[in-house]
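Notes follow the structure.
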Amino acid sequence: MTLSPAAPAPLPVEPPSGCPFDPPAEFGRLRIEEPLTKISLPDGSWAWLATRYADIRAILGDTRFSSDTTRPGYPLSGMTGGANTENRGFIRMDPPEHTRLRRMVTREFMVKRVEAMRPEIQRITDELCDAMERAGSGEQGVDLVEALALPVPSLVISLLLGVPYDDHAVFQDLTGKLLSRTIDEADRDVARRELWSYLDRLVSAKEAAPGDDILSRLITEQQAAGELTHNEVVAFCALLLVAGHETTANMIGLSALTLMGDQETADRLRAEPALIRGAVEELLRFHSIIRNGPRRVATEDIEIAGQVIRAGEGVVVAVPSANRDETVFPDADRLDVCRPNAQHHVAFGYGIHQCLGQALARVELQVVIGTLLRRFPTLRPAVPLAEIPFRTDMAIYGCHALPVTW
Ligand code: HEM
């Protein structure tokens, strides 16, 4: 699809000035006036942008909207991994392939399995907090992203997959490049190839000497039975590694920053830790860190909000807009940790691709937020809000760094 002379605007990404937690103000107008609107894409084509909660659930819940990046018309953004057919994970596939592959790892991320990891996640968090305490916050403050927000999910997913955490600098740097909105395509391709060859070597090593982790189980069960190829195991690993640490890390940073600025809520959660579960749902709704999608392409003509989306046309759904839809979440721009329907948010998506790691993300967030509130009651930003580098340049919103003191 090429653009008509009256070219549509690109996807709004900038939060309103002075308000780094809110989605672009434009979404509010679009929800009322143009719930389906055309946006331009970096390659010169266009796609539909959906902004209302009900329409977004309808689109994500309808498998006639495809996740297959190789289909003509799919609204590619660099971060979606390109149209590359062989190396894309099941997040970019449709049934029956998606169902077949997702089923192989579902049990690893079930609530019961993840709950059993809570003590280990608590231990990892406590150790990192001990290290923060020992080092002290000093004059400059400590970067909470580096000290806690990134290492917790990164250590946990490395442990689950069997990726050596000592290599975290390598995979964090490469996944950071894959998720950047500003990097040029050639550099992103280099990062993608480097991550692939790192994981390719890791999978080969596990084929020779399997351990007790998800990758080894995929190798000894599915690959050995001829149900998975070596490359499919590598693709699994790439997807879980990228999805498993950047996302939760940014939610931890933003949640900590929000609670540091809202002492009343922080005090309430300290006094009533049982409220933390609900608070995590509300923080997920409020922050909606996936700012660039999910994305789909229509496989047939489908009517949404009175507008026919033609087969082959792309759709970008604005999760942050759905989660601030006043018709579902009254007073949606206010953080209310006791909001009765916060858990109806679509921060983890909806439908068959709904986040596989959501139980894990929830436990990580509950543990880290609860521990921070308990152990650092005087935690506060070490710099003014205006000096915090927010990730408006990334597909996953958050802060690049968060200097704190206590
Ligand atoms: C706060 C943290 C997280 C958020 C906000 C988040 C958000 C999302 C969203 C919106 C989707 C749907 C994508 C689509 O429909 O195209 C998704 C899918 C996925 N997420 Fe997460 N995620 C988080 C944490 C995690 C973690 C910790 C893992 C760990 C393994 C993970 C693994 C996945 C996978 C594998 C998929 C693809 C599922 C499929 O296609 O069937 N995510 N996530």
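Mind counting the residues in segment 269-319 that are touching a helix residue (DSSP H, G or I) at 6+ places or on another chain (Cβ under 8 Å) and β-branched (Val, Ile, Thr)?
Residues that pass the stated criteria total 8.
How many of the residues in segment 128-172 are at pLDDT 90 or above and touching a strand residue (DSSP E or B) at 6+ places or on another chain (Cβ under 8 Å)?
Qualifying residue count for the region: 5.
Can you name every residue in segment 333-342 that is surrounded by 18 or more Cβ atoms within 10 Å (Cβ to Cβ) and either more than 22 Å from the chain's Cα centre (by Cα) or closer than 20 Å to residue 16 by Cα (or both)?
So the first thing to find is which residues in segment 333-342 are surrounded by 18 or more Cβ atoms within 10 Å (Cβ to Cβ), and the list is 335, 337, 339, 342.
The answer is 335, 339.
Please state which one of 321, 288 is farther than 25 Å from residue 116 by Cα and within 13 Å of the ligand (Cβ to nearest atom). Break it down stepwise before answering.
On the way: 321 fails: within 13 Å of the ligand (Cβ to nearest atom).
Of the residues listed, the single one that is farther than 25 Å from residue 116 by Cα and within 13 Å of the ligand (Cβ to nearest atom) is 288.
Kindly establish whether residue 253 is within 16 Å of the chain's Cα centre (by Cα), closer than 22 Å to residue 175 by Cα and at pLDDT below 95. Working first, answer last.
Details: within 16 Å of the chain's Cα centre (by Cα): yes; closer than 22 Å to residue 175 by Cα: yes; at pLDDT below 95: no.
Judged against the criteria, residue 253 is not a match.
In segment 262-292, what residues are hydrophobic (A, V, I, L, M, F, W, C) and in a helix (DSSP H, G or I)? Outline the logic, then answer.
Of the residues in segment 262-292, the ones hydrophobic (A, V, I, L, M, F, W, C) are 266, 269, 271, 274-276, 279-280, 283-284, 286, 289-290.
Listed by number, the residues that qualify are 266, 269, 271, 274, 275, 276, 279, 280, 283, 284, 286.
Among the residues of segment 152-172, which ones are within 16 Å of the chain's Cα centre (by Cα) and closer than 18 Å to residue 123 by Cα? If you could, list the steps in order and put the result at the bottom.
Taking segment 152-172 as the starting set, the residues that turn out to be within 16 Å of the chain's Cα centre (by Cα) are 152-154, 156-157, 172.
The answer is 152, 153, 154, 156, 157.
Give the number of residues within segment 245-295 that are of a type in the set (Lys, Arg) and in contact with a Lys or Arg (Cβ under 9 Å, 6 or more places away or on another chain).
Taking segment 245-295 first, the residues of a type in the set (Lys, Arg) are 268, 270, 277, 285, 291, 295.
Still in the running and in contact with a Lys or Arg (Cβ under 9 Å, 6 or more places away or on another chain): 270, 277, 285, 291.
Of the residues in segment 245-295, 4 are of a type in the set (Lys, Arg) and in contact with a Lys or Arg (Cβ under 9 Å, 6 or more places away or on another chain).
Can you tell which of 150, 101 is under 14 Å from residue 364 (Cα atoms), within 16 Å of the ligand (Cβ to nearest atom), touching a helix residue (DSSP H, G or I) at 6+ places or on another chain (Cβ under 9 Å) and touching a residue at least 60 places away in the same chain (Cβ under 8 Å)? Explain how you work it out, then say what you get.
Details: 101 fails: under 14 Å from residue 364 (Cα atoms).
Exactly one of 150, 101 is under 14 Å from residue 364 (Cα atoms), within 16 Å of the ligand (Cβ to nearest atom), touching a helix residue (DSSP H, G or I) at 6+ places or on another chain (Cβ under 9 Å) and touching a residue at least 60 places away in the same chain (Cβ under 8 Å), namely 150.
Considering (1) among the hydroxyl-bearing types (Ser, Thr, Tyr); (2) buried (at least 18 other Cβ atoms within 10 Å of the Cβ); (3) modelled with pLDDT of 95 or more, say which one residue 175 fails and leave the rest.
(3)
Go through 332, 361, 298, 311 for me and flag whichever is of a type outside the set (D, E, K, R) and either within 14 Å of the ligand (Cβ to nearest atom) or at pLDDT below 95 (or both).
Working: 332 fails: either within 14 Å of the ligand (Cβ to nearest atom) or at pLDDT below 95 (or both); 298 fails: either within 14 Å of the ligand (Cβ to nearest atom) or at pLDDT below 95 (or both); 311 fails: either within 14 Å of the ligand (Cβ to nearest atom) or at pLDDT below 95 (or both).
Result: 361 is the single residue among 332, 361, 298, 311 that is of a type outside the set (D, E, K, R) and either within 14 Å of the ligand (Cβ to nearest atom) or at pLDDT below 95 (or both).
The values are calculated or read from the model by the stated rules, or taken from the named source; none is laboratory data. Just so we're clear, the structure is a prediction, and the values are computed from it rather than from any experiment. Every residue, glycine as well, gets a Cβ built from its backbone with ideal geometry; the counts of neighbours run over all protein chains shown.
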